[in-house]
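Written below as structure tokens is the structure these notes are about.
The values are calculated or read from the model by the stated rules, or taken from the named source; none is laboratory data. If you're wondering where the values come from, they're calculated on a predicted model, not measured in any experiment. Here the Cβ positions follow ideal geometry from the backbone for every residue, glycine too, while neighbour counts run over all protein chains shown. Just the protein is used for accessible areas: all its heavy atoms, side chains included, with ligands, DNA and RNA removed. Shrake-Rupley method; radii C 1.70, N 1.55, O 1.52, S 1.80 Å.
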Amino acid sequence: LTGVLDDCLCDIESIDDFNTFKIFPKIQKLQERDYFRYYKVNLKRPCPFWADDGHCSIKDCHVEPCPESKIPVGIKAGSSNKYSKAANNSKELEDCEQANKLGAVNSTLSNQSKEAFIDWARYDDSQDHFCELDDERSPDAQYVDLLLNPERYTGYKGPSAWRVWNSIYEENCFKPRSVYRPLNPLAPSRGGLGSVCRFSWTGLCLEKRVFYKLISGLHASINLHLCANYLLEETWGKPRWGPNVKEFTRRFDPAETKGEGPRRLKNLYFLYLIELRALSKVAPYFERAVVDLYTGNGHEDAESKALLLDIFRDTKSFHMHFDEKSMFAGDKKGAKSLKEEFRLHFKNISRIMDCVGCDKCRLWGKLQTQGLGTALKILFSEKEIQSLPENSPSKGFQLTRQEIVALVNAFGR
């Protein structure tokens, strides 16, 4: 993949060099620190759009949090649930057993971590937040250690997975007038299975092109991690994970995708640029002394903030940022209306993530969606960020821990 990206003055080679040698090693270190490795998520929210029919909607595929009255998090000690009798045949049961094993979320947390969360929550409660996230107050919300739950192949596939992405593209995404994606792999069609059609951007304004590319980039990112960390073999109970070139080729090679694969990967680079831009724009928020990456460990907190500020310096040094000022720059009334439509579309997509039938896929889908949502919130709050008071919280712009953790980890992906 080479050349200049559409809608921005940036080439792929420059992004590769910048990311490989400057950003990625530091982001990787940051993700390993306590503040960024624990993410609070509600994996039990019901799908708001259709009845659960996931490939692995069988009980053991879901995390059952263990009640802990003294901490604001549900911890799963283990599950004694049996498989549902709804399995149609032994092959489906076998598939789901594997998907359950691969897709289950490891909810193990140390007692020290549990105690720290109480302190973190108390600190968060004392801050002045811009918005309240629904999940954080829910009794079903639980902290998950992201390092124990890496994003990788889980066995989640088939009509349930297809339905989620189809809903995102067809119902909630501004898209080119004639864009076809792989069709339902289980449904017959005139054009044959997985038929794809060319894009046509005719009549689609910049904002809608950006929205579509972001969702396509997110889709490419998730598929890429599936290919890069695939279950290659499992012998004597010891799974071996690694890159699956055949799977990568099937999803991205021009010959296999009727020319669409490289476009999908270019949209991944575009997503990277948007989130990189957000990091550079939000730097003043974190540069203030009043903002701590609070875990209760003063030494580690100071090191985490120093590393984050170092990353911000790198993001600012990048010379080919996406220029978000070109968005919503028309007449005020039309721009405001389009911006609100943009926001509602994205909010709806985040709700669709509650329809993902595999817990680990749902975890990373929700996290990356929230990370992108936080990036967009930052890009559309430039004036509020510029006018932040140095030594006190601001009502104009505020990020919760969840938003900060999601932003950094989504960019890390």
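Expressed in nm to one decimal, what extension gain is obtained for the pair Ala51 and Leu232 from 0.36 nm per residue of sequence separation less their Cα-Cα distance? Spell out each step's value before the answer.
Values: separation 181, 0.36 × 181 = 65.16 nm, distance 3.28 nm.
Here the answer is 61.9 nm.
Say the cut-off is 26 Å between C-alpha atoms; which of Lys29/Lys366; Lys26/Lys377; Lys339/Lys366; Lys26/Lys336; Lys44/Lys213 go over it?
Details: Lys29/Lys366 22 Å; Lys26/Lys377 24 Å; Lys339/Lys366 22 Å; Lys26/Lys336 37 Å; Lys44/Lys213 29 Å.
Table pairs above 26 Å Cα-Cα are Lys26/Lys336; Lys44/Lys213.
Ignoring ligands, DNA and RNA, what percent of the 1.4 Å accessible area of the range 321-407 is carbon and sulfur?
Details: 1920 of 3600 Å².
Using a 1.4 Å probe with all protein chains present, the range 321-407 comes out at 53 percent carbon and sulfur.
Contact order normalised by length for the range 224-354, with contacts defined as Cα pairs under 8 Å and 6 or more residues apart; what percent is it? It would help to have the intermediate numbers written out before the result.
Numbers: 81 pairs, mean separation 16.4, N = 131.
Result for the range 224-354 is 13 percent.
Once you order the gyration tensor axes a ≥ b ≥ c over the Cα atoms, which shape class does the range 265-413 get: rounded for a/c under 1.5, otherwise prolate or oblate by comparing a/b with b/c?
Working: a/c = 1.55, a/b = 1.16, b/c = 1.34.
Judged from the Cα gyration tensor, the range 265-413 comes out oblate (a/c at least 1.5, b/c at or above a/b).
What does the extension gain come out to for Lys26 and His319, with contour length at 0.36 nm per residue minus their alpha carbon separation?
103.6 nm
Please compute the modelled spin-label separation between Gln386 and Asp6, points set 7 Å along Cα→Cβ, answer in nm with one decimal.
3.1 nm
Work out the FRET efficiency for Val245 and Leu147 from their Cβ-Cβ distance, taking R0 = 22 Å, and round it to the nearest 0.05. It would help to have the intermediate numbers written out before the result.
Numbers: r = 26 Å, r/R0 = 1.19.
After rounding to 0.05, the efficiency reads 0.25.
Could you give the accessible area per residue of the range 256-333, probe 1.4 Å, as a whole number in Å²?
44 Å²
Shape of the range 253-336 from its Cα gyration tensor (a ≥ b ≥ c, root eigenvalues): rounded if a/c is under 1.5, otherwise prolate when a/b > b/c, or oblate? Don't skip to the end; give the middle numbers.
Numbers: a/c = 2.94, a/b = 1.54, b/c = 1.91.
It comes out oblate by the Cα gyration axes.
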